[in-house]
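Take a look at the structure set out below.
Taken together, the values in this text are just the output of simple stated rules run on the coordinates, not laboratory data. Just so you know, these numbers come straight off a predicted model, no measurement behind them. Positions of Cβ are generated from backbone atoms using ideal geometry, with glycine treated the same way; all protein chains shown enter the neighbour counts.
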Amino acid sequence: MATPLIEALHRAWPGATIDLLLKRYLKGLLAGAPWLGREIILDDGSTFRSLRRALAKDRYDLGVLLPNSFRPALLLAAARVRRRIGYRRNGRAVLLTDGLRFPSERPFRMIDFYGAIGDRLGVPGARGPLRLHATEAEHASAGELLARHGLDAAQPIIGVNPGAKYGSSKLWPPTHFAQAADEIARNAGGGGGVQVALLAGPGEDDLARDIAARMTAPAIALPSSEVDLVMLKAVLSHLALLISNDTGPRHMAAAFGVPTVTIFGPTHVKWGENEHSRGIDVSIPVECGPCMQRMCPLGHHRCMTDLSPAMVVEAALRLLDPPSGRPNHGGGGIPLPISVDIGRPAQSAPAGE
């Protein structure tokens, strides 16, 4: 969600070196970007002292703090980074040279949260669409992975991302995913040549296999052991469409311009609005939501179970060109809606529940 800001920094100072200080699990996510310098890993055993010395040696002119935690701000201050910008949060105001007031209004868009840093720096265009890059080698590896599991990268592939690390409240039921994917496969591309790939994160393989087993159309569950973050990025770039819960891969797909249907339950749509002109966010109104809880506190999970497969199918087919199964780019240069609350249909009996 911060990539518009980083891209804007690169446009403003094209000759500057931009290094990333990040946790190991994010390594490679931004690989291939023309602005990327070094990836400095926070959790590779380096002590605070050794990191401080390494950063001080490079004499950075600017440190942009994206997270709101105390330790990164302390590290940049101790390394004598000349200008340190971030939000005045968690007792770190004294460590910043440019402190921004944390937004009082909730919810807010995260791209605006990061974009305000660009405003303070006088950098335009820090709120544009998300953007990621994949190297030629990553694209080739993704093509080989798909082929190894019987998927043809030259034909339309519908991706289904049924997991969510946030918690069970974000999970649309497997029966709903299976029914929606079957219906899309039957209706997109004239009923032939459209493939379905289930994308599983660590610990989600059983969920992906369960959905594939429930489907009548052929579906391949890609093993999580073969799809790390870098591979996932390249696989997503091959898709004709992604159907996803509100979780990270939907933003990664948006960053490659992949048409995306995102299913929202307990979380507010506004937090994750990402300026994706080929994305549709689907949700239904419930009296108790959006609750922002990791598990349904009332135990009924109606924000998800009452959101019918037909609603997701409708959104997906709007984003696809039915004769070919290829992405529909909006026609005539008119972008499709970024967000649509389709609402609850008169007959909303959830399939299979």
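The alpha carbons of segment 3-121 occupy a box of 38, 33, 27 Å along the principal axes, longest dimension given first.
Just want to confirm a number: the relative contact order over the chain, from Cα pairs under 8 angstrom separated by 6+ residues, in percent. Reported as a whole number, the value is 16 percent.
Each other residue within a Cβ distance under 14 Å of ALA200 adds +1 if Lys or Arg and -1 if Asp or Glu, for a net charge of -4.
Among 87-94, 26-33, the peptide with the highest mean count of other Cβ atoms within 10 Å heads the list, and the full ranking is 26-33, 87-94. The angle between the Cα long axis of helix 309-319 and the main principal axis of the chain comes to about 70°, on a 0 to 90 degree scale. Based on Cα contacts under 8 Å between residues 6+ apart, segment 144-216 shows a relative contact order of 38 percent. The alpha carbons of the chain occupy a box of 60, 47, 44 Å along the principal axes, longest dimension given first.
Starting from the Cα gyration tensor of segment 160-270, take the square roots of the eigenvalues, sort them a ≥ b ≥ c, and report rounded, prolate or oblate (rounded when a/c is under 1.5, otherwise prolate if a/b is larger than b/c, else oblate).
rounded
Roughly how many Å is it from the Cα centre of segment 1-76 to that of segment 263-305, as a whole number? Centre-to-centre (Cα) distance: 32 Å. For segment 228-287, applying the loop criterion from DSSP together with a ceiling of 15 other beta carbons within 10 Å to the GluC sites (Glu not before Pro) yields GLU275, GLU287. Taking 18 Å as the cut-off, the amide N atoms of segment 242-282 that come nearer than this to a point 7 Å along the Cα-to-beta-carbon line of CYS288 belong to 264-268. Under a 5 Å amide H cut-off, with hydrogens placed 1.01 Å from N, LEU100 pairs with GLY86, TYR87, ARG88 among residues at least 5 apart or on other chains. Checking the Cα-Cα distances for LYS57/LYS233; LYS27/LYS170; LYS27/LYS270 against a 31 Å cut-off, the pairs over it are LYS57/LYS233.
The residues neighbouring ARG294, those whose beta-carbon lies less than 15 Å from its own, together hold a net charge of +1 under the Lys/Arg +1, Asp/Glu -1 convention. Charge dipole of segment 3-121 (Cα centre as origin; +1 on each Lys and Arg Cβ, -1 on each Asp and Glu Cβ, all else neutral): 500 debye, rounded to the nearest 20.
Ranking request for peptides 112-122, 194-204: highest mean number of other beta-carbon atoms within 10 Å first, then the rest in descending order.
Descending mean neighbour count gives 194-204, 112-122.
For LEU21, the residues whose modelled amide H falls within less than 5 Å of its own, excluding neighbours fewer than 5 places apart on the same chain, are ILE40.
Here the sum of -39500 (n - 2.57) over DSSP H runs of 4 or more residues, divided by the residues of the chain, equals -9500 deg cm²/dmol at 222 nm, to the nearest 500. For segment 136-327, the extents of the C-alpha atoms along the principal axes are 45, 34, 33 Å, listed from largest to smallest.
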